Amino acid sequence: MNKDKEQKFVYEGLITESLSNGMFRVRLDNADLILGYISGKIRKNLIRILPGDRVKIEVSPYDLTKGRIIYRLRKNNLSDSDSD
């Protein structure tokens, strides 16, 4: 039995809209708009994802319109340090 995992594409994108049941509209860096859902680890660790957050999303080569959000990228706090 061959246990090779299928190749998945990993993209970065911006959350544009929050939908129900942990689903989000994500605008990828290549300007495509896809539907993303939260992975189990993000749901389990109660990581909050809001519109405006940057995320990494994993997309199957079979359906390029849906993907799984696997990581929320950290924001740069440059604007906070300028206010000192």
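Any read-out appearing in this document is the output of simple, stated calculations on the displayed coordinates, not a laboratory observation. It should be emphasised that the depicted structure is a prediction, and the values quoted were computed from it without experimental measurement. For neighbour counting, all protein chains shown are included, and Cβ atoms are generated from backbone atoms with ideal geometry for every residue, glycine included.
Key figures for this structure:
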| read-out | value |
| --- | --- |
| Residue in the range 32-55 that is in a loop (DSSP other than H, G, I, E, B), without any contact (Cβ under 8 Å) to a residue 40 or more places away in the chain, among the basic types (Lys, Arg) and more than 14 Å from residue 70 (Cβ to Cβ) present | yes |
| Positions within the range 36-59 being exposed (fewer than 14 other Cβ atoms within 10 Å of the Cβ) and under 20 Å from residue 9 (Cβ atoms), in sequence order | 40, 41 |
